[in-house]
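The values are calculated or read from the model by the stated rules, or taken from the named source; none is laboratory data. Values in this document were obtained by computation on a predicted structure and should not be read as measured data. All Cβ positions, even for glycine, are placed from backbone atoms using ideal geometry, and neighbour counts span all protein chains on display.
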Amino acid sequence: MAANAQRHFAGQTRNSVISYSIRRSTRARHVWLRFSKSGELVVVVPKRFDIGRVASIVDANRLWIERAAVRVNARREALEDSVQVALPQRIVLPALDREWAVEYRPTNSPGVRVVERPGNRLVLYGKTSQHEQCRDALCRWFRRKGHASLVPLLQELAATRGFTVTRVTVRSQRTRWASCSRNRAISLNIRLLFVPPELVRHVMLHELCHTKKMDHTQGFWELVAHHDPNWREHRRRLRMGWRSLPGWLTSPATA
């Protein structure tokens with residue numbers, strides 16, 4: 001998002017105590033509500049949008065904001081308060097229905113690299129005493145796995161369901177399973193590898209629907225329901241899925 005940093009406002013709704021900031025964006029075509037990494041509600045508006053209309057828009061979306069705030073804050077607290085967890089000896093990826101034993105072999109290499117070996121083994125070579133480097137190396141391996149498996153699946157769903165996607169990337173996002181930009185570029189979270197295939201598909205269909213409707217209005221949910229009739233159950237399970245992610249992936253590693 002190309003936001004105009006020179007125009008940053010703060011406000012509060014008239015009918016509730018929902019605090020928010022307003023940022024003008026040269027790319028925005030519509031008003032966009034999002035939460036920052038710190039948990040702050042940010043209202044992104046087009047460059048020449050009337051700021052006086054923002055309070056009523058926030059009020060109209062109060063229910064969604066309150067529910068989203070609970071989810072965002074719960075995730076932030078889980079990340080901040082989680083105890084330190086040692087790096088894994090085994091990695092299980094339900095999305096791929098596969099698991100690997102993990103081995104750590106120190107070498108004189110300045111970094112850490114992950115090599116997949118026969119017998120469902122992952123071997124980390126290098127400065128394996130540097131746990132942050134080990135975790136970063138594993139996340140790079142997850143991205144490669146995601147590009148090889150998740151990206152083709154999303155592209156197939158888009159083709160068979162009549163959606164158009166401009167680009168698909170795989171990243172390590174801390175608060176979202178996936179995201180869709182206004183130019184129909186979709187980013188998938190490596191954490192999707194840790195949930196069952198039906199929930200991966202649900203997330204993908206959700207984001208594909210955003211390529212046609214960049215909001216969460218009734219029309220959007222009707223489109224989601226058309227492509228994923230069990231979306232409510234999938235959405236409920238997905239909330240639980242975030243809590244069940246392995247601790248070493250979401251908290252600082254320890255010796």
Completion exercise
Taking the range 171-194 and keeping only residues that are assigned to a loop (DSSP other than H, G, I, E, B) and over 13 Å from the mean Cα position of the chain (by Cα), one is left with ARG182, ASN183, ARG184
Exercise for the section: Please determine, by comparing only the residues of the range 218-255 that are part of a loop (DSSP other than H, G, I, E, B) and hydroxyl-bearing (Ser, Thr, Tyr), which one is modelled with the lowest pLDDT. Expected result: THR254
Practice task
Scan the range 162-176 for residues that are surrounded by 14 or more Cβ atoms within 10 Å (Cβ to Cβ) and at pLDDT below 95 and report the count.
Solution key: 5
Problem - Scan of the range 1-52 for residues that are in a loop (DSSP other than H, G, I, E, B), surrounded by 13 or more Cβ atoms within 10 Å (Cβ to Cβ), modelled with pLDDT under 80 and in contact with a strand residue (DSSP E or B) (Cβ under 7 Å, 6 or more places away or on another chain), ordered by number - result: MET1, ILE18
Exercise for the section: Determine whether ALA178 is without any contact (Cβ under 8 Å) to a residue 24 or more places away in the chain and of a type in the set (Gly, Ala, Ser). Expected result: no
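For every residue, the table says whether it meets (1) in the same structural domain as LEU138 (by TED's automatic domain parsing); (2) under 13 Å from GLY146 (Cα atoms); (3) not in a helix (DSSP H, G or I).
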residue: ALA159; (1), (2), (3): yes, no, no
residue: THR169; (1), (2), (3): yes, yes, yes
residue: VAL200; (1), (2), (3): yes, yes, no
residue: GLU207; (1), (2), (3): yes, no, no
residue: HIS216; (1), (2), (3): yes, no, yes
